[in-house]
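**Q** Handing you this structure, nothing more for now.
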Amino acid sequence: MRGAIIAGIVVLILIIGGILGYTYFTMGNVKIYVVDAPSGLVITLTSTSIMLHKVTGGWVTVSNKTISFNLTSAAVLLVKAVIPAGKYNEMFIYVSNGSASILGLSVSLPSHVFKIHFVNNQDLVVGGMYNATVIINFPHISMNAGNLIITPSVTAVAYN
């Protein structure tokens, strides 16, 4: 009887260890921050989806939550998530709305999608042994006919 209990405990420990090991090697943490060049404007955007593109193909959803955030010169945490391990080379942020605090200007993003490429062709590496961080820079803001226009092609730095 005592031997069966010990064997049961050993099997339980092996199962839990296997699950934790599998999760550790197949999943990873990623943090995504946004920052804007100092401009004196506070631009508020609302995101409805954030996705990363795997180097091997296919898109991974990081978040499908509605997230409102400000573009300021201080880095703002946009999302923290656990996603499948792998290398990622591109990111899309879908934006549903935008506004600016000065003069009541509206903010326009022509395609409602930020297409974000990592600088220096450095892929984002996500895995159990990496603390993956993305810092997205939004330097491409212009003015036209009373609207602020944000260029949809943006760059980011991947830190692994």
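**Q** Taking amide H atoms as placed 1.01 Å from N in the peptide plane, list the residues 5 or more away in sequence, or in a different chain, whose amide H sits under 5 Å from that of VAL42.
**A** Those qualifying (amide H under 5 Å, at least 5 residues apart or on another chain) are SER101, ILE102.
**Q** Here's something else I'd like to know. Given R₀ = 35 Å, FRET efficiency for LYS65-ILE9 by Cβ-Cβ distance, to 0.05?
**A** Efficiency, from the Cβ-Cβ distance: 0.30.
Only the coordinates and a few stated rules stand behind these numbers; no lab work does. Not measured: the values here are computed from a predicted model. With ideal geometry, Cβ positions are generated from the backbone for all residues, glycine too; neighbour counts draw on all protein chains shown.
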